[in-house]
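Q: Just passing along the structure, written as structure tokens.
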Amino acid sequence: MPRILSRRSIGAALLGALPLAAFAQAAPAPTGTLTVAFASESTAIDPIKISAGVDHYFVGQLFEMLVRPNAQLEQENWLAESWTLEQSADGKPVIDVRLRQGVKFHNGDPMTAEDIEFSWQRQRDPKKSFFSHNVASVERIEIIDPHHLKIHFKEPDASFVAGGLQIWVMPKKYIEQVGEEEFARKPVGTGPWKFVSRSVKEELRLEAFEDYWHPTKRPGVKELVIKIIPEDLTRVSAFKTGRVDWIDNVPPAMVEEFKKMPGVKTQTVVSGNNLFINFNTHMPKSPFNDVRVRQAAAHAIDVDAIIKRVLFGEGERYAQVGKGSAGYDPELKPYAYDQKRARELLKEAGYPNGFDIPCYNLTTPREPNVKEVGEAMFAYLSSVGIRCQVRNLEYGAWISLGKRGRSGPPEMDGVLSWMWSQGLPGDPGTPWVGHLHSFQPGTGLGTYSYTNDPEADALVMEQRRTMDPAARAEILKKLARLKQERAIGGIPTYRPLVTFAWRDKLDYTPWPVRDYWRVFQEVGWKQQ
Amino acid sequence: MNISRRLLHSLISILGASVIIFVISRLSGDPVSLLLPSDAPPDAIEATRQHLGLDKPVLVQYLYFLGRALTGDFGDSYRWQVPAIDLILERLPATIELSIAALLFSVAIAIPFGVFSALHRGSWFDRFGKVFAMLGQAMPNFWVGLLLILFFAVQLQWLPAFGRESWSSLVLPAIALGWYPVAAQTRIVRSAMLDVLESDYVRMGRAMGVPERVLIWKYALRNAAIPLITILGVYFAAMLGGAFVVEVIFAWPGVGRTVVEAVFSRDFPVVQAGVMLTSVLFVASNLLVDLSYGLIDPRIRHG
């Protein structure tokens, strides 16, 4: 008996039922050029070559997925008009997908089920793709008709559903015609923007796609020029002098100034990143093997003060799961800042005079002021007796330290400033497989985990197999409570916020793509 | 010293640089863990490692790298998925343009300042020059760059704050980069000029009634310039290095930004191609300087 996931599909099914032409006439032809400045640059614009978060910034303007988060961070059926979760005769999961009609690629070819099957094939090849594991659970894609397909699974895979059906839609006919290299040079997708030209390290030029399928969420700007300006002050200068009309990552210290600037609009959104501090609990003599010591650390840090003073407010406190994410529980509150309690807990655990411990800090600005935040947290820990010997690491060294299963030193033998990010608003299911489940060499489980809790392991595996989003959210909630009580999988600190600024002649709403913002889905000039 | 021996030394230096960069970049961490997301399973990691050739012993990787590098092939960038050498060569002209402009700026300031300070030794100008020199050495180029942006781009709006669109885009980054060596070059010109001014041929020239302007700028400066030229080769290399920082500040599309980002993402082919090309430029500019002595001072040519 198939189960219908109506919660996700009803809204979009209604939208799909409305005649597109009725909207299409309402949308005025796009005009003018908008120049924007990003802080960092994508490398490849081929969706299967994404190797860093920033790669989504370009890919997301040109390519689309079957399901995606919208501006309100709710999953919305996108190139899929609807989808339902079913079961095959042998009990394996099947996702039945109805594709939206009338979707075209930038070269004019219509999007059909064959493109989806091709995109999956292209993405599953580990020699070409960095994301083959995202679709590894799919056994085959069965094409029923040009707008109807069934995705057959080898085994249940919740992350496939949580990740918006995981497939970037690419044009089969075009890629087969022009070849891989030409596709990388002149990418063609179904997105709101068409590729025009690119000069690496300087700019990407795009043009509004006139045949874009969505009746309302489409550019009202004819040409989009994305400049790359990594230095904060230079980017701000470019905005102030009018060379660009929209900027990414307003530096936290300047957000207040931007908010007061006449003729300028800003919006602050939550990033998909979840920061926490992790503890060595895999070595037999580690003080953090005692739950009281971990709880003491959680009570020791005044995260709110750090957000206010070090991040200038550009951070959101969270307890295990961020607001709006699967498994979010409003009842769950972060550990209160209470240094007296922290000292008591340390005393109970047998450390009345505290102890010395190495504390590893990330210095590469993967998030604004992340180094300073680490320093502040370690200072708080030291003030209750968890005396940090701070060791600074740049990104590569940091990630290599955090990873389990290396054959030799260095070993993470203390406290580590760490983070996970997955989707917006931040689905914890897949990250917890790597960051909470106990480390099992050679399986991909617990690659970055310093926790060994059989109960948590069982729940992580259960949520991983549960493809029904509502049922899975309940398991995640249970897991979050367990995580909180036992202070396992690290102590959550904050989720960074990011502020965009633009001139108010623009009518603009930020849209995300997978884990990242910065897609120009809804942008146009204000009516004079 | 003959040219062939010089060339041999240069080749050894470049080979040495290749070993150092190859070994150091591989000591610093695993690129695959940065390329793939944290939830990638071990078989995907292994497939990528094999695909990139990182599963082979380092010595084998090095010999393979060296063999291909001799033909100008540095492999494909792990992240950009295009030949690393193309990435570097595409951006190298912008870096060289910036470095030369910065060097010209520094020399254009250093020579008149140095000569003037030498001629008016102990004067207020000379003392000011010393303070100026100290300031130049004390201000890091990224800071100078930010001040220039604030003043000339934001306040006065005379020049663009970023990019590489016209000659005006070059002015601020060239000043930011050329600022640092001005001080040292001024001191070099000043002391060389002081030495030369006390030499017999200058006194002789004066006695023979050669006009002071001709004596200073034609006869004295030519000899006083030798130490400056010696050091210009080194400064050109320093400019290439300094450009790495200044390029980021001014969003200048040069090789520096590419290499710095490649270092952070452990994109070995790009780091190797970038460092090898800059080493070649470094060695070549030093070689050119050595050879140019002969043109300026015939004694060296014949010696």
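Q: What residue, of B:LEU70, B:LEU7, B:LEU52, is of a type in the set (A, V, I, L, M, F, W, C) and within 26 Å of A:PRO47 (Cα to Cα)?
A: Working: B:LEU70 fails: within 26 Å of A:PRO47 (Cα to Cα); B:LEU7 fails: within 26 Å of A:PRO47 (Cα to Cα).
B:LEU52 is the lone residue from the list that is of a type in the set (A, V, I, L, M, F, W, C) and within 26 Å of A:PRO47 (Cα to Cα).
Q: Listed residues B:LEU172, B:LEU135, B:LEU150; which is hydrophobic (A, V, I, L, M, F, W, C), modelled with pLDDT under 85 and assigned to a helix (DSSP H, G or I)? Steps first, answer last, please.
A: Working: B:LEU172 fails: modelled with pLDDT under 85; B:LEU150 fails: modelled with pLDDT under 85.
Only one candidate passes the filter, namely B:LEU135.
Q: Also, I was wondering about something else. Tell me, which helices (runs of 4 or more DSSP H) wholly within segment B:194-287 include 3 or more residues that are buried (at least 19 other Cβ atoms within 10 Å of the Cβ) and among the aliphatic types (A, V, I, L, M)? Outline the logic, then answer.
A: Details: elements: B:200-207, B:221-249, B:255-264.
The helices (runs of 4 or more DSSP H) meeting that bar are B:221-249, B:255-264.
Q: Checking the structure you have, find out if any residue of segment B:198-215 is within 14 Å of another protein chain (Cβ to nearest Cβ), in contact with a helix residue (DSSP H, G or I) (Cβ under 9 Å, 6 or more places away or on another chain) and of a type outside the set (Asp, Glu).
A: Residues of segment B:198-215 within 14 Å of another protein chain (Cβ to nearest Cβ): none.
No - not one qualifying residue is present in segment B:198-215.
Q: In this structure, is B:LEU87 closer than 27 Å to A:ARG366 by Cβ and in a helix (DSSP H, G or I)?
A: Working: closer than 27 Å to A:ARG366 by Cβ: yes; in a helix (DSSP H, G or I): yes.
In short, yes.
Q: I'd like to check which helices (runs of 4 or more DSSP H) are fully inside segment A:155-221 and have at least 1 residues that are touching a Phe, Trp or Tyr at 6+ places or on another chain (Cβ under 7 Å), within 30 Å of B:GLU90 (Cβ to Cβ) and of a type in the set (Ser, Thr, Tyr).
A: Numbers: elements: A:158-162, A:172-178, A:180-185.
Fully inside segment A:155-221 and qualifying: A:172-178.
Q: If we keep just the residues of segment A:433-454 that are open to solvent by less than 20 Å² (accessible area, probe 1.4 Å) and in contact with a strand residue (DSSP E or B) (Cβ under 8 Å, 6 or more places away or on another chain), which is nearest to A:HIS282 (Cα to Cα)?
A: Looking at the filtered set, the residue picked out is A:TYR450.
Q: For the structure I just gave you, tell me whether A:TYR380 is at pLDDT 90 or above, hydroxyl-bearing (Ser, Thr, Tyr), out of contact with any strand residue (DSSP E or B) (no Cβ under 7 Å at 6 or more places or on another chain) and closer than 29 Å to A:ARG343 by Cα. Outline the logic, then answer.
A: Values: at pLDDT 90 or above: yes; hydroxyl-bearing (Ser, Thr, Tyr): yes; out of contact with any strand residue (DSSP E or B) (no Cβ under 7 Å at 6 or more places or on another chain): yes; closer than 29 Å to A:ARG343 by Cα: yes.
So A:TYR380 fits the description; yes.
Q: Ok, one more. Quick one: which strands (runs of 3 or more DSSP E) lie wholly within segment A:1-81 and hold at least 2 residues that are away from chain B (no Cβ under 14 Å), out of contact with any helix residue (DSSP H, G or I) (no Cβ under 7 Å at 6 or more places or on another chain) and modelled with pLDDT under 90? Outline the logic, then answer.
A: Values: elements: A:31-38, A:67-69, A:75-77.
Answer list for segment A:1-81: none.
Q: Here are A:LEU224, A:LEU204: which of them is more than 14 Å from every other protein chain (Cβ to nearest Cβ), open to solvent by less than 40 Å² (accessible area, probe 1.4 Å) and among the aliphatic types (A, V, I, L, M)?
A: On the way: A:LEU204 fails: more than 14 Å from every other protein chain (Cβ to nearest Cβ).
A:LEU224 is the lone residue from the list that is more than 14 Å from every other protein chain (Cβ to nearest Cβ), open to solvent by less than 40 Å² (accessible area, probe 1.4 Å) and among the aliphatic types (A, V, I, L, M).
Q: Okay, moving on. I'd like to check something: does segment A:415-436 contain any residue that is among the charged types (D, E, K, R), outside any helix (DSSP H, G or I) and in contact (Cβ under 8 Å) with a residue 12 or more places away in the chain?
A: Here is the first cut: in segment A:415-436, the ones among the charged types (D, E, K, R) are A:427.
Next, only the ones that are outside any helix (DSSP H, G or I) stay: A:427.
Narrowing the set further to residues that are in contact (Cβ under 8 Å) with a residue 12 or more places away in the chain leaves A:427.
Yes: one or more hits.
Q: With respect to the numbered conditions (1) touching an Asp or Glu at 6+ places or on another chain (Cβ under 9 Å); (2) crowded, with 23+ Cβ neighbours inside 10 Å; (3) at pLDDT 95 or above, which one is the sole condition not fulfilled by A:GLY108?
A: With respect to (1) touching an Asp or Glu at 6+ places or on another chain (Cβ under 9 Å); (2) crowded, with 23+ Cβ neighbours inside 10 Å; (3) at pLDDT 95 or above, A:GLY108 is out only on (2).
Q: What is the number of the single condition among (1) open to solvent by 10 Å² or more (accessible area, probe 1.4 Å); (2) among the polar types (S, T, N, Q); (3) touching a Gly at 6+ places or on another chain (Cβ under 7 Å) that A:THR241 does not meet?
A: It fails just one condition, (3).
Q: Could you please let me know if A:GLU256 is free of Cβ contacts under 8 Å to residues at least 60 places away in the same chain and closer than 22 Å to A:ASP504 by Cα?
A: Considered against the rule, which asks whether it is free of Cβ contacts under 8 Å to residues at least 60 places away in the same chain and closer than 22 Å to A:ASP504 by Cα, A:GLU256 comes out as yes.
Q: Among the candidates B:LEU240, B:LEU197, B:LEU159, which residue alone is under 26 Å from B:SER285 (Cβ atoms) and either of a type in the set (Gly, Ala, Ser) or out of contact with any His (no Cβ under 9 Å at 6 or more places or on another chain) (or both)?
A: Details: B:LEU197 fails: under 26 Å from B:SER285 (Cβ atoms); B:LEU159 fails: under 26 Å from B:SER285 (Cβ atoms).
The conditions single out B:LEU240.
Q: Restricted to segment A:162-212, and to residues that are in contact with an Asp or Glu (Cβ under 9 Å, 6 or more places away or on another chain) and of a type in the set (Val, Ile, Thr), which residue is nearest to A:TRP120 (Cα to Cα)?
A: So the residue we want is A:VAL169.
To keep it simple, each residue is scored yes or no on (1) in a loop (DSSP other than H, G, I, E, B); (2) surrounded by fewer than 21 Cβ atoms within 10 Å (Cβ to Cβ).
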| site | (1), (2) |
| --- | --- |
| A:ILE277 | no, no |
| A:MET283 | yes, yes |
| A:ALA296 | no, no |
| A:ALA326 | yes, no |
| A:LYS333 | yes, yes |
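Q: I've got another one for you. Residue under question is A:TYR508, and the condition is that it be touching a Lys or Arg at 6+ places or on another chain (Cβ under 8 Å), surrounded by 17 or more Cβ atoms within 10 Å (Cβ to Cβ), among the hydroxyl-bearing types (Ser, Thr, Tyr) and farther than 30 Å from A:ALA300 by Cα; does it hold? Break it down stepwise before answering.
A: Details: touching a Lys or Arg at 6+ places or on another chain (Cβ under 8 Å): yes; surrounded by 17 or more Cβ atoms within 10 Å (Cβ to Cβ): yes; among the hydroxyl-bearing types (Ser, Thr, Tyr): yes; farther than 30 Å from A:ALA300 by Cα: yes.
Answer is yes for this residue.
Q: A:GLU114: open to solvent by 50 Å² or more (accessible area, probe 1.4 Å) and more than 14 Å from chain B (Cβ to nearest Cβ), yes or no? If you could, list the steps in order and put the result at the bottom.
A: Numbers: open to solvent by 50 Å² or more (accessible area, probe 1.4 Å): yes; more than 14 Å from chain B (Cβ to nearest Cβ): yes.
Yes: the conditions hold for A:GLU114.
Q: For segment B:62-84, what are the residues that are in a helix (DSSP H, G or I) and within 14 Å of another protein chain (Cβ to nearest Cβ)? Steps first, please.
A: Let us first name the residues in segment B:62-84 that are in a helix (DSSP H, G or I), namely B:62-70, B:84.
Of everything in segment B:62-84, just one residue is in a helix (DSSP H, G or I) and within 14 Å of another protein chain (Cβ to nearest Cβ), namely B:ALA84.
Q: Here's something else I'd like to know. Is there a residue in segment A:187-196 that is at pLDDT below 95, in contact with a strand residue (DSSP E or B) (Cβ under 9 Å, 6 or more places away or on another chain) and open to solvent by 10 Å² or more (accessible area, probe 1.4 Å)?
A: The initial filter retains those residues of segment A:187-196 that are at pLDDT below 95, namely none.
No; the residues of segment A:187-196 include none that is at pLDDT below 95, in contact with a strand residue (DSSP E or B) (Cβ under 9 Å, 6 or more places away or on another chain) and open to solvent by 10 Å² or more (accessible area, probe 1.4 Å).
Q: Where in segment A:450-528 are the strands (runs of 3 or more DSSP E), entirely inside, with at least 3 residues that are more than 18 Å from A:ILE226 (Cβ to Cβ)? Step through it out loud before you land on a result.
A: Working: elements: A:494-503, A:506-513, A:516-525.
Correct list: A:494-503.
Q: If you don't mind, another one. Just one of the numbered conditions (1) open to solvent by less than 20 Å² (accessible area, probe 1.4 Å); (2) within 14 Å of chain B (Cβ to nearest Cβ); (3) in a helix (DSSP H, G or I) is not true of A:ALA397; which one?
A: (1)
Q: So, one more: Of (1) open to solvent by 30 Å² or more (accessible area, probe 1.4 Å); (2) touching a Pro at 6+ places or on another chain (Cβ under 8 Å); (3) over 23 Å from A:PHE130 (Cβ atoms), B:LEU52 satisfies all except one. Which?
A: Evaluating B:LEU52 over (1) open to solvent by 30 Å² or more (accessible area, probe 1.4 Å); (2) touching a Pro at 6+ places or on another chain (Cβ under 8 Å); (3) over 23 Å from A:PHE130 (Cβ atoms) leaves (3) as the failure.
Q: Another one. Among residues belonging to segment B:136-161 that are in contact (Cβ under 8 Å) with a residue 40 or more places away in the chain and within 11 Å of chain A (Cβ to nearest Cβ), point out the one that is surrounded by the most Cβ atoms within 10 Å (Cβ to Cβ).
A: This residue is B:ALA161.
Q: Filter segment A:126-140 for residues that are within 7 Å of chain B (Cβ to nearest Cβ) and over 21 Å from the mean Cα position of the chain (by Cα); which is most open to solvent (accessible area, probe 1.4 Å)?
A: Ranking the candidates gives A:LYS127 first.
Q: Could you list, in sequence order, the residues of segment A:90-100 that are out of contact with any His (no Cβ under 6 Å at 6 or more places or on another chain) and either open to solvent by 30 Å² or more (accessible area, probe 1.4 Å) or without any contact (Cβ under 8 Å) to a residue 24 or more places away in the chain (or both)?
A: Narrowing segment A:90-100 to residues out of contact with any His (no Cβ under 6 Å at 6 or more places or on another chain): A:90-93, A:95-97, A:100.
Answer for segment A:90-100, where residues must be out of contact with any His (no Cβ under 6 Å at 6 or more places or on another chain) and either open to solvent by 30 Å² or more (accessible area, probe 1.4 Å) or without any contact (Cβ under 8 Å) to a residue 24 or more places away in the chain (or both): A:ASP90, A:GLY91, A:LYS92.
The values are calculated or read from the model by the stated rules, or taken from the named source; none is laboratory data. Quantities reported herein were computed from a predicted structural model and do not represent experimental measurements. Because the Cβ atoms are built from the backbone with ideal geometry, glycine has one as well, and the counts that use them run over all protein chains shown. The area values use the complete protein model at the heavy-atom level, side chains included, leaving out ligands, DNA and RNA. Shrake-Rupley method; radii C 1.70, N 1.55, O 1.52, S 1.80 Å.
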